[in-house]
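Q: Take this structure first; my questions come after.
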Amino acid sequence: PGSINRTGFTPQRKKHAARITRLAKDGSITPGTIEHLLENMVEDVHRQNVKLMKDLHASNKRETQQQNHAQEVENQHRKELMKVESSASRNQEEIRETMSKEITVLQNQLVELDQVREREKQMKEELVTLKDE
């Protein structure tokens with residue numbers, strides 16, 4: 001009923017036009033008949049308009065729902081990304097702190113090793129001195 005052919009008439013309107021033409025050829029057409037046919041055409045057009053408005057409303061509702069869903073998905077992804085970035089930042093800070101502590105421990109061990117070597121050197125010198133005496 002809503003499609004339009006090459007003449008610009010919907011199939012329903014074309015049917016009414018054919019009926020008017022047939023009645024006119026029979027000679028049985030009267031003003032009342034024309035009025036009745038026009039009322040039918042107006043009702044058909046009104047029904048088509050109501051259906052089109054319902055379809056348009058349903059289409060708009062679906063589009064709005066799809067947009068809302070897409071926005072929700074985008075917001076969820078944004079939240080997840082922020083969580084990951086925050087976690088990565090915390091992990092990076094923890095790694096920095098751990099490495100800093102490990103570096104400090106290694107530096108202290110180097111100082112101790114140097115002290116042990118120095119003490120070992122002193123003991124060797126003392127040993128040599130004691131042997132000489």
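Q: For every other residue with a beta carbon closer than 14 angstrom to the beta carbon of Arg119, add +1 if it is Lys or Arg and -1 if Asp or Glu, then tell me the sum.
A: Summing Lys/Arg as +1 and Asp/Glu as -1 gives -3.
Q: Next question. When Lys and Arg each count +1 and Asp and Glu each count -1, what net charge do the other residues less than 14 Å away from Glu35, Cβ to Cβ, add up to?
A: With Lys, Arg at +1 and Asp, Glu at -1, the neighbours total -1.
Q: What number comes out for the charge environment of Ile103, summing +1 per Lys or Arg and -1 per Asp or Glu over other residues with Cβ under 13 Å away?
A: It works out to a net charge of 0.
Q: Counting just the Cα atoms, what span does the chain cover along each of its three principal axes? Round to the nearest Å and put the largest first.
A: Between the extreme Cα coordinates on each principal axis of the chain lie 155, 22, 11 Å.
Q: Measure nothing but the geometry: give the 0 to 90° angle between the long axis through the Cα atoms of 31-132 and the longest principal axis through the Cα atoms of the chain, rounded to 10°.
A: 0 degrees
Q: Need the list of lysines near Lys83 for cross-linking: C-alpha distance under 18 angstrom, and skip anything on the same chain fewer than eight residues off.
A: Partners within reach: none.
Q: Hey, what number do you get for the chain at 222 nm if only DSSP H runs of n ≥ 4 count, each worth -39500 (n - 2.57), divided across all residues, to the nearest 500?
A: Working: 2 runs with 118 residues, N = 133.
Counting only the DSSP helices, I get -33500 deg cm²/dmol.
Q: What angle do you read, to the nearest 10 degrees and between 0 and 90, between the alpha-carbon axis of helix 11-26 and the longest principal axis of the chain?
A: That works out to roughly 10 degrees.
Where a number appears in this text, it was derived from the coordinates with a stated rule and is not lab data. Predicted, not measured: the structure shown is a model, and the values here were computed from it. Neighbour counts are summed over all protein chains in view; Cβ atoms, including those assigned to glycine, are modelled from backbone coordinates with ideal geometry.
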